[in-house]
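Visitor: Mind looking over this structure? Questions follow.
The values are calculated or read from the model by the stated rules, or taken from the named source; none is laboratory data. Remember, it's a predicted structure, so these values are computed and weren't measured experimentally. Cβ coordinates were reconstructed from backbone atoms using ideal geometry, including for glycine residues, and neighbour counts include every protein chain displayed.
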Amino acid sequence: MEGKVFNIQKFSLHDGPGIRTVVFLQGCPLRCRWCANPESQSPAGGEKCRVETAEGVLRVCLQDRAFYEESGGGVTLSGGEPLAQAAFARALLGALGEQGIHRALETTGFTNESNFLSVLPLTELLLFDIKHWEAERHRQGTGQENGPILQNLRAALDAGKDVLPRIPVIPGYNDGPEDARGFARLLGGLGLKRAQLLPFHQFGESKYAGLGLPYAYKDVPPLHPEDLEGFQKIMIEMGVDAFF
Ligand code: SF4
């Protein structure tokens with residue numbers, strides 16, 4: 001089984017518990033206006049994208065098994081949207097599972113129901129990105145509806161999966177008090193009690209020029225946790241433990 005991979009990052013501490021290897025799969029059905037990895041979006045991929053076998057990626061991941069065991073870590077599949085290559089993601093997750101490696105899937109949730117359900121038994125933790133709590137604003141920011149995303153989120157919760165919602169907090173898009181309330185209502189209504197806030201950063205800015213793409217967030221200052229104290233407080237007061 002082969003798939004397209006645009007990066008493999010070792011020793012990550014930010015994408016699930018412990019020390020992790022993050023495997024970034026090519027392709028994403030969303031077009032978030034602030035995307036920090038625009039090179040990941042096209043199914044074809046650019047210069048950095050390589051065709052890899054599931055066995056080859058597994059071998060790279062297993063090189064750090066001792067670190068996973070020591071730290072309670074494992075492997076995270078990310079993207080792009082990893083389920084844009086669902087068969088490859090399944091093959092990789094299955095092979096990691098056979099080796100007893102903890103598996104996290106960082107997903108937008110934007111995929112069809114059968115793809116989504118097929119990876120649930122192959123995943124210990126879902127890092128589930130939620131870009132906006134309101135349907136029309138979601139479409140404006142990402143180019144896609146949030147209906148299938150919320151349906152898949154519910155399916156994961158119904159299946160009893162460990163889900164950590166992650167909210168990229170974007171200036172002028174979803175960073176107001178009404179947004180904090182909207183996210184808390186949405187997550188609380190689903191029985192979710194915590195969410196990770198990912199403040200907007202500018203790590204992707206230089207990539208847009210290289211790709212010849214327009215960038216809507218050029219020169220927009222990044223956000224820091226201290227900028228989001230009010231946002232965080234509202235969510236916590238409404239019963240969702242928002243953390244960074
Ligand atoms: S979901 Fe992620 S990779 Fe896809 S466009 Fe949005 S920010 Fe970029």
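Visitor: Picking from Ala159, Ala155, Ala184, which residue would you name as being away from the ligand (no atom under 16 Å from the Cβ) and surrounded by 17 or more Cβ atoms within 10 Å (Cβ to Cβ)?
Guide: Among Ala159, Ala155, Ala184, only Ala184 is away from the ligand (no atom under 16 Å from the Cβ) and surrounded by 17 or more Cβ atoms within 10 Å (Cβ to Cβ).
Visitor: Now, a different point. Restricting to the range 173-209, what's the tally of residues that are among the small types (Gly, Ala, Ser), farther than 22 Å from Met238 by Cβ and touching a residue at least 40 places away in the same chain (Cβ under 8 Å)? Give the derivation first.
Guide: Kept after step one, since they are among the small types (Gly, Ala, Ser), are these residues of the range 173-209: 176, 180, 182, 184, 188-189, 191, 195, 204, 206, 209.
Subsequent filtering for residues that are farther than 22 Å from Met238 by Cβ retains 204, 206, 209.
Subsequent filtering for residues that are touching a residue at least 40 places away in the same chain (Cβ under 8 Å) retains 204.
Summing the residues that are among the small types (Gly, Ala, Ser), farther than 22 Å from Met238 by Cβ and touching a residue at least 40 places away in the same chain (Cβ under 8 Å) in the range 173-209 gives 1.
Visitor: Still on this structure, please answer the following. Can you go through Pro121, Pro82, Pro29 and tell me which one is at pLDDT 95 or above, within 20 Å of Ile167 (Cβ to Cβ) and surrounded by fewer than 23 Cβ atoms within 10 Å (Cβ to Cβ)?
Guide: Checking each option against the conditions leaves just Pro29.
Visitor: Gln41 is checked against (1) in contact (Cβ under 8 Å) with a residue 40 or more places away in the chain; (2) crowded, with 21+ Cβ neighbours inside 10 Å; (3) within 13 Å of the ligand (Cβ to nearest atom) and fails just one. What number does that condition carry?
Guide: Of everything listed in (1) in contact (Cβ under 8 Å) with a residue 40 or more places away in the chain; (2) crowded, with 21+ Cβ neighbours inside 10 Å; (3) within 13 Å of the ligand (Cβ to nearest atom), Gln41 misses just condition (1).
Visitor: Would you mind stating whether Gln232 is on the phi < 0 side of the Ramachandran plot, over 19 Å from the mean Cα position of the chain (by Cα) and surrounded by 12 or more Cβ atoms within 10 Å (Cβ to Cβ)?
Guide: Values: on the phi < 0 side of the Ramachandran plot: yes; over 19 Å from the mean Cα position of the chain (by Cα): yes; surrounded by 12 or more Cβ atoms within 10 Å (Cβ to Cβ): yes.
Yes: the conditions hold for Gln232.
Visitor: Tally up the residues in the range 48-77 that are surrounded by fewer than 20 Cβ atoms within 10 Å (Cβ to Cβ) and closer than 23 Å to Asn37 by Cα, please.
Guide: So the answer is 5.
Visitor: Tell me, please, whether a residue that is at pLDDT below 95 and over 20 Å from the mean Cα position of the chain (by Cα) can be found in the range 174-193. Walk me through how you get there before you give the answer.
Guide: Just the residues of the range 174-193 that are at pLDDT below 95, to begin with: none.
No, because not a single residue in the range 174-193 is at pLDDT below 95 and over 20 Å from the mean Cα position of the chain (by Cα).
Visitor: Another question about this same structure. Would you please name the residue that is nearest to the chain's Cα centre (by Cα), looking only at residues in the range 1-38 that are assigned to a loop (DSSP other than H, G, I, E, B) and away from the ligand (no atom under 11 Å from the Cβ)?
Guide: Asp15
Visitor: Look through the range 77-121, keep the residues that are in contact (Cβ under 8 Å) with a residue 24 or more places away in the chain and acidic (Asp, Glu), and return whichever of them is farthest from the ligand (Cβ to nearest atom).
Guide: If we filter the range 77-121 for residues that are in contact (Cβ under 8 Å) with a residue 24 or more places away in the chain, which is where we start, we get 77-97, 99, 101-113, 115-120.
Among the residues that remain, those that are also acidic (Asp, Glu) are: 81, 106, 113.
On the way: Glu81: 6, Glu106: 9, Glu113: 19 Å.
Filtering the range 77-121 for residues that are in contact (Cβ under 8 Å) with a residue 24 or more places away in the chain and acidic (Asp, Glu), the one farthest from the ligand (Cβ to nearest atom) comes out as Glu113.
Visitor: Can you tell me which residue is nearest to the ligand (Cβ to nearest atom) among those in the range 122-143 that are touching a His at 6+ places or on another chain (Cβ under 7 Å) and touching a residue at least 40 places away in the same chain (Cβ under 8 Å)? Explain how you work it out, then say what you get.
Guide: Initial filter on the range 122-143 (touching a His at 6+ places or on another chain (Cβ under 7 Å)): 124, 131-132, 138, 141.
Filter once more, keeping what is touching a residue at least 40 places away in the same chain (Cβ under 8 Å): 124, 131-132, 141.
Numbers: Glu124: 22, Lys131: 7, His132: 12, Gly141: 9 Å.
In this case the residue turns out to be Lys131.
Visitor: A further question on this structure: If you scan the range 91-109, which residues turn out to be assigned to a helix (DSSP H, G or I) and surrounded by fewer than 18 Cβ atoms within 10 Å (Cβ to Cβ)?
Guide: The initial filter retains those residues of the range 91-109 that are assigned to a helix (DSSP H, G or I), namely 91-98.
The answer is Gly94, Gly97, Glu98.
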